[in-house]
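Below: one structure, written as structure tokens.
The values are calculated or read from the model by the stated rules, or taken from the named source; none is laboratory data. No experiment lies behind these values; they were computed from the predicted model shown. Neighbour counts run over all protein chains shown; Cβ positions are idealised from the backbone, glycine included. In case anyone asks, the SASA skips ligands and DNA or RNA and just uses the protein heavy atoms, side chains included. Shrake-Rupley method; radii C 1.70, N 1.55, O 1.52, S 1.80 Å.
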Amino acid sequence: MDHLLITNIEKALGWSGPAGVGEFARGTLPDPELCTRLMTPARLLDLIMRGSLGLPGVRCLREGTDLHPNSFTTTVENRRGPDIPVLEMDRLGRLLREGLTLVADAVNVVDPTLEVACRALRWWSHELVRVNAYLTTGAAAGFPLHWDDHDVIVVQVAGAKTWQVRGPGRPAPMFRDAAPNNEPPEQIIWAGELATGEVLHIPRGYWHQATRVDHDPHGHSLHLTFGFTRRTGVDWLGWVADRSREIEPLRYDFPRWAEPAARDEHAEQLALIARQLMADRPPAAMLAELERAHPPARHVVTGGVFGPAEAVVAITEFRPHLQSAGEQVVVEAAGKRIVFARAAEFALRILLAGHPVLLDDAATGTRVDVPALAKILVREGLCAEMTEALWWGCTGLVPTARC
């Protein structure tokens, strides 16, 4: 999937692909207009007002401390059920004028532009990706010095903020770890201002802090943080352990009360099975399986009630896997394995490339019934009908497919 955000990030950070993820980098987007296309402060506030981002999806912080939800939420009476909690926009507006940091988690769930951007980043990186938005007004502080258990790419889309980045206090720290990671290193890798259009990549475990305490009290900052959750050897061992349930001897009870020789023989048998289990299921098999089994994103399903679809787009969280085999082509994605005739391969590659596809145009360049093919892909959850929101999320960022 071609996406303007990815090409801009690669040029800004000097990357030629996702291999740079995991090494600190910063740079400037070559296309500054991309910032307002991704998100603006006003659009973010409109989203959280209309999008029902429930707590703790929206948080407000002052001096690094969370404000009580009652300071910026209220309830709307619902005579047919419990009252509905909503953001109280007047109160939130007053807090913004006084200076605070507003955090909106997983805005890709409610914003089509960021939904498509995260999908493109998943296809590009082969990793799980989500995006949070951070709006800071006045001279407010953000989070104190901290580290994340995932890699992040920060895109400053409005205003400016001062950052400090240090290295990891513990090699490759994890959320669930064998030892705490509470002591930041003294050495500062980079400190400075991140201005509109600049990009920062902070690897997992690197301590960092962002603030506006030394900035114009009438200004603001808005940045998007794209988080990449990469798999580790711990994930692989957990995956192998789940596969062990397929092996009958591993499901038997331990011979706790047997003779010592019998217990030793059983332990040797388990070790032999474990070695073979790991040899038969290498990390590459886990990565491929997790990608192909991941369910698709939420999407609108009409079932043709409003007429046949005029355009579709692939909405699998990872790039579909297509493989030709004799007179067949096999598609694996979103937990599905679908076999088509080999003659459909060219049309399938167009439909599953991640770009919006106008079905009449695609039918002209192929010799198969493209609308019928698209109908199958929509029914199986690999594609979705193009809605107005999806068109908006792609326009100017993802090109429409051409035969």
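Pick from GLU198, GLU193, GLU259, GLU248: which is surrounded by fewer than 17 Cβ atoms within 10 Å (Cβ to Cβ) and either β-branched (Val, Ile, Thr) or within 30 Å of VAL116 (Cβ to Cβ) (or both)?
Going through GLU198, GLU193, GLU259, GLU248 in turn, just one is surrounded by fewer than 17 Cβ atoms within 10 Å (Cβ to Cβ) and either β-branched (Val, Ile, Thr) or within 30 Å of VAL116 (Cβ to Cβ) (or both): GLU193.
I'm trying to understand the selection: among the residues of segment 293-335, which are buried (at least 17 other Cβ atoms within 10 Å of the Cβ), over 18 Å from the mean Cα position of the chain (by Cα) and part of a loop (DSSP other than H, G, I, E, B)?
Across segment 293-335, the qualifying residue is only ALA309.
Restricting the search to segment 112-147, which residues are aromatic (Phe, Trp, Tyr), within 15 Å of PHE318 (Cβ to Cβ) and either free of Cβ contacts under 8 Å to residues at least 40 places away in the same chain or open to solvent by 10 Å² or more (accessible area, probe 1.4 Å) (or both)?
Within segment 112-147, just TRP124 meets the criteria.
Please indicate, with yes or no, whether at least one residue in segment 377-385 is more than 24 Å from THR302 (Cβ to Cβ), surrounded by 15 or more Cβ atoms within 10 Å (Cβ to Cβ) and out of contact with any helix residue (DSSP H, G or I) (no Cβ under 8 Å at 6 or more places or on another chain).
no
Suppose we filter GLN164, GLN156 for residues that are crowded, with 23+ Cβ neighbours inside 10 Å, over 10 Å from the mean Cα position of the chain (by Cα), modelled with pLDDT of 95 or more and not acidic (Asp, Glu); which single one remains?
The unique qualifying residue is GLN156.
Quick one: in segment 91-111, of everything that is assigned to a helix (DSSP H, G or I) and crowded, with 23+ Cβ neighbours inside 10 Å, which residue is farthest from the chain's Cα centre (by Cα)?
So the residue we want is VAL107.
Residue by residue through segment 203-239, note down the ones that are within 19 Å of the chain's Cα centre (by Cα) and part of a helix (DSSP H, G or I).
Hit for segment 203-239 is ASP235, nothing else.
With respect to GLY365, determine if the residue is modelled with pLDDT under 95, farther than 12 Å from ALA401 by Cβ and of a type outside the set (A, V, I, L, M).
No: the conditions fail for GLY365.
Which one of the conditions (1) more than 23 Å from the chain's Cα centre (by Cα); (2) surrounded by fewer than 18 Cβ atoms within 10 Å (Cβ to Cβ) does ALA389 fail to meet, given that it meets all the rest?
In the conditions (1) more than 23 Å from the chain's Cα centre (by Cα); (2) surrounded by fewer than 18 Cβ atoms within 10 Å (Cβ to Cβ), ALA389 misses (1) alone.
Kindly evaluate ARG275 against the criterion of being open to solvent by 70 Å² or more (accessible area, probe 1.4 Å), touching a residue at least 24 places away in the same chain (Cβ under 8 Å) and not in a strand (DSSP E or B).
No, not satisfied.
Which one is surrounded by the most Cβ atoms within 10 Å (Cβ to Cβ) among residues in segment 336-360 that are of a type outside the set (Phe, Trp, Tyr) and in a strand (DSSP E or B)?
VAL357
Could you grab me the full set of residues in segment 392-403 that are out of contact with any Ser or Thr (no Cβ under 8 Å at 6 or more places or on another chain) and open to solvent by less than 30 Å² (accessible area, probe 1.4 Å)? Walk me through it before giving the result.
Residues of segment 392-403 that are out of contact with any Ser or Thr (no Cβ under 8 Å at 6 or more places or on another chain), as a first pass: 395-396, 398-402.
Residues satisfying the conditions are VAL398, ALA401.
If a residue must be among the β-branched types (Val, Ile, Thr), buried (at least 19 other Cβ atoms within 10 Å of the Cβ) and closer than 30 Å to GLY93 by Cβ, how many such residues does segment 201-224 contain? It would help to see each step written out before you state the result.
If we filter segment 201-224 for residues that are among the β-branched types (Val, Ile, Thr), which is where we start, we get 202, 211, 213.
Still in the running and buried (at least 19 other Cβ atoms within 10 Å of the Cβ): 202, 211.
Subset that is closer than 30 Å to GLY93 by Cβ: 211.
Qualifying residue count for the region: 1.
Could you go through segment 16-29 and let me know if any residue there is farther than 30 Å from ALA172 by Cβ and within 27 Å of the chain's Cα centre (by Cα).
No, segment 16-29 has no match at all.
In segment 11-33, which residue that is without any contact (Cβ under 8 Å) to a residue 40 or more places away in the chain and assigned to a helix (DSSP H, G or I) is most open to solvent (accessible area, probe 1.4 Å)?
LYS11
Determine the pairs where a residue that is closer than 21 Å to THR162 by Cβ, located within segment 95-110, has a partner that is of a type in the set (Lys, Arg) with Cβ atoms under 7 Å apart, the partner being 6 or more residues away or on another chain.
Listed by first residue and then by second, the contacts come to LEU100/ARG62; VAL103/ARG59.
How about segment 46-93: which of its residues are at pLDDT below 80 and either among the acidic types (Asp, Glu) or in contact with a helix residue (DSSP H, G or I) (Cβ under 9 Å, 6 or more places away or on another chain) (or both)?
GLY51, LEU53, LEU55, PRO56, GLU77, ASP83, PRO85
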